[in-house]
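Please read the structure below before turning to the comments.
The values are calculated or read from the model by the stated rules, or taken from the named source; none is laboratory data. Because the structure is a prediction, the values reported are computed rather than measured. Glycine gets a Cβ as well: all are built from the backbone with ideal geometry, and neighbour counts include every protein chain shown.
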């Protein structure tokens, strides 16, 4: 794709994906009185149902069946499933327990975590701008930890669980589509989800079907709301440059942050504003560095020169 041309459909798909992810805190609050465990359990089970329907509608069962015979893919999908389950539980807990702002912080610092994982596990070398962004992010977490009186555990858990999830998904390879990957991950987790629903029923009672028709309909959409953004994201990624996707990815945590501050009126003392400002500065440095590096790489390519280190 030429550097100066963008796909309108790609932009619409990307905004749709991150917009839906940004809406999730409001959606989870609408599911009261369902608790985080029940919500995540239904999310797992209904996501599997929705993915199986998609596989049938797109006649993709044959390539999916081939994945079932690949031990490496199956093992990685199990790890990915565990990581995304941790991410979902912590995120739903944060969204329904008054920590929407801290949950948003997790997705703001996720790109920095992903860079760190690349350095540690893939031995990638950071450019000076990337080092600066990492340093500013570490300072931001220290400021927030001092302000909270403890490390921002919800944010850190979300950032690292999703960072490792992305790393594992990358190791699975391009032949594992978004639908196939989510199908495998939720299939591994369904037995746990069933046990969780039984435990919820025994300890307090499942809310599905007992809190009104509207609640049941909203909860039944958990699978759709989980899978659709992933499909939109996968389609957008094939149509847009990585730098553009990098800009748009901040839409979701910005929406979540605004929802937490302006709608839920979560407290934002001065030290928290300073911490968030440092995170946003780190992201600005990281994004600007990525744009400059990409333009230089394109220019060197056009000039027939080898890529810079």
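Every residue, every condition in (1) at pLDDT below 90; (2) not in a helix (DSSP H, G or I), yes or no:
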residue: 227; (1), (2): yes, no
residue: 239; (1), (2): yes, yes
residue: 246; (1), (2): yes, no
residue: 257; (1), (2): no, no
residue: 261; (1), (2): no, no
residue: 280; (1), (2): no, no
residue: 291; (1), (2): yes, no
residue: 300; (1), (2): yes, no
**Asked** Just one of 46, 20 is within 17 Å of the chain's Cα centre (by Cα) and assigned to a helix (DSSP H, G or I); which is it?
**Response** 20
**Request:** Could you grab me the full set of residues in region 122-146 that are at pLDDT below 85 and surrounded by 17 or more Cβ atoms within 10 Å (Cβ to Cβ)?
**Result:** 130
**Fill in**
Selection from region 178-192 of residues in contact (Cβ under 8 Å) with a residue 60 or more places away in the chain and either crowded, with 19+ Cβ neighbours inside 10 Å or touching a helix residue (DSSP H, G or I) at 6+ places or on another chain (Cβ under 7 Å) (or both) yields 179, 180, 181, 182, 183, 184, 185, 186, 187, 188, 189, 190
**Request:** Hey, can you tell me all the residues within region 141-167 that are farther than 30 Å from residue 73 by Cβ, in contact with a helix residue (DSSP H, G or I) (Cβ under 6 Å, 6 or more places away or on another chain) and touching a residue at least 40 places away in the same chain (Cβ under 8 Å)?
**Result:** 143, 144, 147, 152, 154, 155
**Item:** Given (1) under 26 Å from residue 42 (Cβ atoms); (2) surrounded by fewer than 19 Cβ atoms within 10 Å (Cβ to Cβ), number of the condition residue 119 does not satisfy
**Value:** (1)
**Complete:** For region 54-80 the number of residues that are in a helix (DSSP H, G or I) and farther than 21 Å from residue 44 by Cα is 5
**Prompt:** Out of (1) within 21 Å of residue 24 (Cβ to Cβ); (2) touching a residue at least 12 places away in the same chain (Cβ under 8 Å), the odd one out for residue 214 is which?
**Reply:** (2)
**Residue check for residue 52: surrounded by fewer than 18 Cβ atoms within 10 Å (Cβ to Cβ) and within 20 Å of the chain's Cα centre (by Cα)** = no
**Item:** Residue list for region 193-222, restricted to those being exposed (fewer than 15 other Cβ atoms within 10 Å of the Cβ) and assigned to a helix (DSSP H, G or I)
**Value:** 194, 195, 198, 199, 201, 202, 203, 213, 214, 216, 217, 220
**Among residues of region 147-168, those that are modelled with pLDDT under 90 and surrounded by fewer than 19 Cβ atoms within 10 Å (Cβ to Cβ), counted** = 6
**Prompt:** What's the number of the condition residue 284 fails, among (1) part of a loop (DSSP other than H, G, I, E, B); (2) farther than 26 Å from residue 51 by Cα?
**Reply:** (1)
